[in-house]
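A.B. asks: Below are the structure tokens for one structure; questions will follow.
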Amino acid sequence: MEELKPLIRIQEIDLELKKIELKLKREIPERIREVREGREKAEVLLKQVEDKFQANLKRRMEIDLEIKSIEEKIKKHSQDLLKVDTNEAYRALQREIEEEKEKKSRLEDEVLELLIQEEELQKEKKKAEEEVERIKNEFAEKEKELLKEEESLKARMEDLRKEREKLASQAKPSLYKLYIQIASTHGGIALSPVHDGFCSVCQMKIRPQLMEELRKGEKIIRCENCSRILYIPEPKLPEN
């Protein structure tokens, strides 16, 4: 039916617009969010490694001060050995000197462990920095692609809306009004092509009498099950 042609195309446009809007509102923002989350995770990892590195450095500085303090005590006790006048006092100072030397030895061992740890942290830090840089570059590239896709989709929407407006002005007003009414209550699908005698949307078998009227194309025929406007699609031309 010739009168339905503008509406068939309008429905195609409306469905495509719906898909584009979904992409612009959900898919593209979601893809951007996923890339940003990946970058943020890498940045968090880098921050954790940097914090460990700083804690390592701080502890070594603290140990350096402790060792200097111990060395001062050992030096003082060594000088005091020359001044004591009893064996008991002499032995007490020697014990203190040995204890301080043991403390110093333990602290030096800890420094050695911290230096080994620092070397590993340096490797982790370098790896984390490289990962952050990689993800930043990846994000920048993907963001560029997504923004380009977004602009392309917006341009496509604009073209489709112009085409739709033109088609709506060409459509029979009563039919266009009917299209809007059905589409608004049937998921945006007001027209259904008939294939092999079935409504392609609800799969209801079309009665022979209705099929005959549909072929004549003299009036609007609606599916007795889903109420959509039925039409027989034009045969596709063979591709060269």
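Residue-wise test of (1) touching a residue at least 60 places away in the same chain (Cβ under 8 Å); (2) surrounded by 15 or more Cβ atoms within 10 Å (Cβ to Cβ).
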| site | (1), (2) |
| --- | --- |
| GLU2 | yes, no |
| LEU7 | yes, yes |
| ILE13 | yes, yes |
| GLU16 | yes, no |
| LEU22 | no, no |
| ILE28 | yes, yes |
| LEU45 | yes, yes |
| ALA55 | no, no |
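A.B. asks: Right, here's the next one. Go through segment 186-240 and report how many residues are within 16 Å of LEU7 (Cβ to Cβ) and part of a helix (DSSP H, G or I).
C.D. replies: Residues that pass the stated criteria total 1.
A.B. asks: Could you list, in sequence order, the residues of segment 205-216 that are in contact (Cβ under 8 Å) with a residue 12 or more places away in the chain, farther than 16 Å from PRO235 by Cβ and exposed (fewer than 15 other Cβ atoms within 10 Å of the Cβ)?
C.D. replies: Pass one, segment 205-216, residues in contact (Cβ under 8 Å) with a residue 12 or more places away in the chain: 206-207, 210-211, 214-215.
Remaining after also requiring farther than 16 Å from PRO235 by Cβ: 206-207, 210-211.
Hit for segment 205-216 is ARG207, nothing else.
A.B. asks: From the list LEU115, LEU153, LEU121, which residue is under 23 Å from ILE20 (Cβ atoms), of a type in the set (A, V, I, L, M, F, W, C) and out of contact with any Gly (no Cβ under 9 Å at 6 or more places or on another chain)?
C.D. replies: LEU153
A.B. asks: Can you tell me how many residues within segment 155-182 are touching a helix residue (DSSP H, G or I) at 6+ places or on another chain (Cβ under 7 Å) and assigned to a helix (DSSP H, G or I)?
C.D. replies: Number satisfying all stated conditions: 11.
Read-outs throughout are calculated quantities, based only on the coordinates presented, and are distinct from any laboratory measurement. This structure is a prediction, so every number in the text was calculated from the model and none was measured. So basically every Cβ, Gly included, is an ideal-geometry build from the backbone, and we count neighbours across all protein chains shown.
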